[in-house]
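Accompanying notes for the structure given below.
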Amino acid sequence: MSGGLFVALVLAFLVVVVIAKTARVVPQQSAFVVERLGKYHTTLNAGFHILVPFLDVVRYKHSLKETAIDIPEQICITRDNVQVGVDGVLYMKVLDPHRASYGISDYQFAITQLAQTTLRSEIGKIDLDRTFEERTNINIQVVNELDKASEPWGIKVLRYEIKNITPPRDVLAAMEKQMRAEREKRAVILTSEGERDAAINQAEGVKQQVIKASEAKKQQQINEAEGAASAILAIAHATAEGLRKVAEATQVQGGYEAVQLRVAEQYIGKFGELAKSSNTLVLPASVSDVGSMIALAMNVIGRRQEPPVLKR
């Protein structure tokens with residue numbers, strides 16, 4: 001009875017070993033490479049699979065997920081012979097498990113070394129001042145070179161990112177002094193440009209003020225000239241109208257004598273004003289002219305008092 005139990009246990013153990021050797025469950029986003037008698041047989045994708053016991057062996061297991069590999073820091077020399085420490089991170093993915101298994105022994109180590117050498121080559125093409133602004137271009141060049149080299153291995157390099165670029169301390173101090181000088185230079189330039197703009201604006205304001213003043217003076221002179229012209233024209237019109245009225249008055253009965261009387265009155269009045277305005281008396285060349293003027297005026301007055309003579 002004990003011997004039969006032992007045989008049963010041995011058989012059960014053999015069944016478990018056979019099931020363990022033949023049944024395989026491949027997780028999602030994974031791939032198993034199976035060899036039969038030491039030779040590549042097939043690639044198992046996600047799911048349940050049955051193998052031939054003692055003939056089929058799962059030799060390689062690959063993850064089909066995107067993997068990030070840390071690229072250690074290394075010393076790179078720029079084109080202007082400055083040593084900088086550069087590290088980064090690489091993102092890659094297995095596309096062909098068969099070639100990833102048999103194309104190279106350790107693809108992660110190979111890609112890491114290739115990324116470092118390619119990065120040193122790209123850093124050596126540019127100066128130190130451009131390494132920080134050319135990071136995107138450096139990343140693109142590294143990815144292109146790695147993608148070409150890793151294609152036979154069934155590996156796809158998706159992207160590469162530089163994490164840190166660390167120059168020496170003395171170079172950092174020199175760069176800080178340079179940036180400080182650049183900031184001071186920009187500050188001086190901005191200050192001078194502000195003063196220049198202020199002077200230009202002030203000069204433009206003075207110019208506009210002078211122009212406005214000259215235009216105002218010009219308009220004032222035009223207005224005064226137009227006013228004087230209008231006044232002269234009005235006086236001329238009034239004088240012409242007065243002369244026309246006088247001419248019309250001389251054509252009626254007694255008009256001519258009225259004009260003579262008016263002239264005599266004005267003559268006497270102006271002569272009296274001349275005598276009042278100064279202690280020096282200016283007499284006409286012939287005093288009889290004054291008497292004749294007065295006599296004429298009196299004669300006119302006398303004639304005006306006579307009744308009109310009717311003529312047939």
Margin query: Using each residue's phi in segment 214-231, evaluate 6.51 cos²θ - 1.76 cosθ + 1.60 at θ = phi - 60° and report the 3J(HN,Hα) Karplus result to the nearest Hz, with x for Gly and Pro.
Written below: 5, 5, 5, 5, 4, 5, 5, 5, 5, 5, 5, 5, 5, x, 5, 5, 5, 5
Check: Non-local amide H neighbours of THR42 (under 5 Å, H modeled in plane, Pro and chain starts lacking H): which ones?
Finding: VAL34
Checklist line | Calculated FRET value between ILE75 and ASP127, using beta carbons and R₀ = 22 Å, to 0.05 | finding: 0.85
Notebook entry, point to check: Each residue of segment 89-104 in order: what ³J(HN,Hα) in whole Hz does its phi give by Karplus 6.51 cos²θ - 1.76 cosθ + 1.60, θ = phi - 60°, with x for Gly and Pro?
Noted result: 9, 10, 10, 9, 8, 7, 9, 10, x, 4, 6, 5, 7, 10, x, 7
Item checked: Ellipsoid equivalent to segment 18-63 - semi-axes via the Cα gyration tensor, in Å -> 16, 13, 7
Notebook entry, point to check: Which of the lysines could a cross-linker span from LYS217 if the Cα-Cα distance has to be under 28 Å and same-chain partners fewer than 8 positions apart are dropped?
Noted result: LYS207
Check: Counting other C-beta atoms within 10 Å, which of TYR107, TYR60 has the fewest, and how do the rest follow?
Finding: TYR60, TYR107
Note to self: Order these by the 10 Å Cβ neighbour count, fewest first: ASP129, ASP80.
What the structure shows: ASP80, ASP129
Check: Hey, what do the phi angles of segment 46-52 turn into as Karplus ³J(HN,Hα) couplings, whole Hz, using 6.51/-1.76/1.60 and θ = phi - 60°, x for Gly and Pro?
Finding: 4, x, 9, 9, 10, 9, 7
Margin query: Considering just Cα atoms, how many Å³ per residue does the convex hull of segment 49-149 enclose?
Written below: 103 Å³
Notebook entry, point to check: Which residues' amide hydrogens lie under 5 Å from the amide hydrogen of TYR60, considering only partners 5 or more residues apart or on another chain, with H built in the peptide plane?
Noted result: VAL33
Checklist line | Estimated distance in nm for a label pair at ASN144 and LYS185, the labels positioned 7 Å out from Cα along Cα-to-Cβ | finding: 3.2 nm
Checklist line | Gain in span if fully extended, VAL210 to LYS163, counting 0.36 nm per residue against the direct Cα distance | finding: 10.6 nm
Notebook entry, point to check: Whose amide H sits under 5 Å from the amide H of VAL52, counting only residues 5 or more places off or on another chain, with H placed in the peptide plane?
Noted result: none
Next item on the list: For an R0 of 45 angstrom, estimate the FRET efficiency from the Cβ-Cβ distance between ASN137 and THR42 and round to the nearest 0.05.
Entry: 0.60
Margin query: List the lysines whose Cα sits under 19 Å from the Cα of LYS148, skipping any in the same chain fewer than 8 residues away.
Written below: LYS93, LYS156
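Computed from the coordinates by the stated procedures, all read-outs in this text should not be read as laboratory data. Everything quoted here is computed from the prediction, not taken from an experiment. Every residue, glycine as well, gets a Cβ built from its backbone with ideal geometry; the counts of neighbours run over all protein chains shown.
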